[in-house]
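One structure is given here, and the rest of the page talks about it.
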Amino acid sequence: MRLLQVSLRSLLLYSLLLVVISIPVSLFSLREILNEEVDESLLLNSDQFLKHIKGFEYLDDLETDLHVLDQLSYNIHIKPSTELNHDNKFETVTQYDTIEHEERPFRQLSSSVLIKGKPYLLTVRMSLVDSQDLIVAVGIVQVVLIILLTAGLLLINRSLSKKLWKPFYKTISQLKAYELDKNESFQIEKTDIIEFDDLNKTINSLTDRNRKIFLQQKEFIENASHELQTPLAIFQSKLDVLMQQPSLSESYAETISELEATAQRMSRLNKNLLLLSKIDNEQFITKENVELKTITLDLLDKIRSIADMNNLSITTSIQALKLLANKTLIEVLITNLLYNAVRHTPGQGSIHVLLDTQRLEISNSGKPFSINPEQIFDRFRKDSTNPESTGLGLAIAKKICDTCSYTLKYSYQNDKHVFSVNF
């Protein structure tokens with residue numbers, strides 16, 4: 001079956017609107033119908049009263065009798081009039097009820113009549129209390145019916161919507177849980193709704209195509225990294241052999257040393273690009289309870305030898321902090337920030353590492369960077385004064401923080417570079 005062109009919710013609102021409008025219309029129509037019935041009864045009573053009076057016109061004291069009748073009657077009044085108007089006048093009036101002690105509605109007929117050649121004003125009334133009670137009862141019934149109808153329509157709409165949109169929400173939940181790096185295709189179920197079947201087929205085709213591209217890209221990056229690493233290792237080993245030659249002159253030794261440094265830099269660059277690719281492809285998904293204090297202290301021990309060579313002082317203020325995260329990413333994050341601090345701290349400089357229950361802050365003394373601070377986390381953006389930098393260390397740190405929903409900020413204050421990670 002096809003989806004309805006008009007949603008069930010809109011149809012429900014329109015239906016309720018029509019029903020609500022119909023209530024005052026129906027009550028007004030009912031009141032008019034009852035008034036017409038009462039008017040006919042008033043005309044009948046007026047005619048019967050006049051016929052009855054005609055039979056007593058021979059009496060000499062008829063006027064006195066009419067006066068007495070006007071005083072005694074509750075719903076019929078007749079009084080002398082100065083003019084004769086042949087039009088009947090119907091109107092609704094209220095009159096105080098001395099028994100119920102409240103105002104009561106009446107339907108009243110006023111007409112001019114001739115009795116024994118003299119004009120009289122005849123007024124005939126009929127109570128509308130029963131009619132009003134009937135209208136109120138009908139109104140209450142209609143309101144109750146509307147409430148029941150609304151509740152029924154809401155339940156039907158909810159049931160139909162839940163049944164109708166069930167395949168759609170199932171597809172959404174599958175999309176949210178779908179992972180490209182898993183060896184499985186997107187599973188869909190055939191439904192009775194053509195539009196949803198078309199949507200599922202399109203999604204299935206799109207995910208299969210993206211998955212194939214992802215696997216091809218992943219395979220290419222791994223193969224390229226492996227193929228690059230092998231010749232780089234051979235190149236470095238050959239350089240080491242040349243460096244060990246006893247007849248090597250000083251100029252050649254200096255050239256070979258520069259080539260070895262370049263090879264090492266190419267190797268680091270290759271590893272960093274592979275790591276960035278793996279982070280982009282979300283290959284680090286396993287999480288565990290990680291103790292940052294232990295990791296930070298271990299990494300500090302590894303870089304102290306480098307810091308001592310450059311006469312750098314390292315101070316720490318480290319507290320215990322546990323996170324549910326990927327341990328490899330946390331180690332790479334802290335390592336890159338620490339090595340970045342060591343690399344950009346001049347001789348006799350200082351490095352301070354702060355770890356509390358919310359953040360990690362690494363600060364080091366040094367001159368301001370020559371690049372724009374807003375571009376410091378961009379890939380291949382590096383300080384031109386440091387040729388050993390690959391320009392990817394901070395980019396990797398930023399990517400890890402974005403992937404793990406951490407906040408990485410940089411600032412330069414009091415002649416110090418400050419990198420802070422807010423977990």
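When 317, 313 are screened for being more than 20 Å from residue 405 (Cα to Cα), loosely packed, with under 13 Cβ neighbours inside 10 Å and touching a residue at least 12 places away in the same chain (Cβ under 8 Å), only 317 passes.
One line per residue, one yes/no per condition, for (1) loosely packed, with under 15 Cβ neighbours inside 10 Å; (2) closer than 19 Å to residue 27 by Cα; (3) polar (S, T, N, Q):
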site	(1), (2), (3)
120	no, no, no
123	no, no, yes
132	yes, yes, yes
136	yes, yes, no
157	no, no, yes
163	yes, no, no
170	no, no, no
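Would you be able to say whether some residue in region 321-335 is surrounded by 16 or more Cβ atoms within 10 Å (Cβ to Cβ) and more than 19 Å from residue 407 (Cα to Cα)? The answer is no, given that none of the residues of region 321-335 is surrounded by 16 or more Cβ atoms within 10 Å (Cβ to Cβ) and more than 19 Å from residue 407 (Cα to Cα).
Condition check for residue 70 on (1) modelled with pLDDT of 65 or more; (2) over 30 Å from residue 161 (Cα atoms): one failure, at (1). Taking the criterion of being modelled with pLDDT under 80 and under 30 Å from residue 274 (Cβ atoms), the residues of region 180-206 that qualify are 180, 181, 182, 183, 184, 185, 186. Is region 222-242 home to any residue that is within 19 Å of residue 279 (Cα to Cα), at pLDDT 75 or above and surrounded by fewer than 11 Cβ atoms within 10 Å (Cβ to Cβ)? So far as region 222-242 goes, no, none of its residues is within 19 Å of residue 279 (Cα to Cα), at pLDDT 75 or above and surrounded by fewer than 11 Cβ atoms within 10 Å (Cβ to Cβ). Within region 155-179, the residues that satisfy the criterion of being over 26 Å from residue 206 (Cα atoms), of a type in the set (A, V, I, L, M, F, W, C) and modelled with pLDDT of 75 or more are 155, 156. When you scan region 400-407, do you find a residue that is assigned to a loop (DSSP other than H, G, I, E, B), surrounded by 16 or more Cβ atoms within 10 Å (Cβ to Cβ), touching a Gly at 6+ places or on another chain (Cβ under 9 Å) and modelled with pLDDT under 85, even just one? Checked region 400-407: no residue is assigned to a loop (DSSP other than H, G, I, E, B), surrounded by 16 or more Cβ atoms within 10 Å (Cβ to Cβ), touching a Gly at 6+ places or on another chain (Cβ under 9 Å) and modelled with pLDDT under 85. Do the conditions hold for residue 84, that is, is it assigned by TED's automatic domain parsing to the domain that holds residue 126, among the aliphatic types (A, V, I, L, M), more than 22 Å from residue 127 (Cβ to Cβ) and modelled with pLDDT under 65? The answer is no for residue 84.
The values are calculated or read from the model by the stated rules, or taken from the named source; none is laboratory data. The shown structure was predicted, so the numbers you read here are calculated from the model rather than taken from an experiment. Positions of Cβ are backbone-derived with ideal geometry, glycine not excepted, and every protein chain shown enters the neighbour counts.
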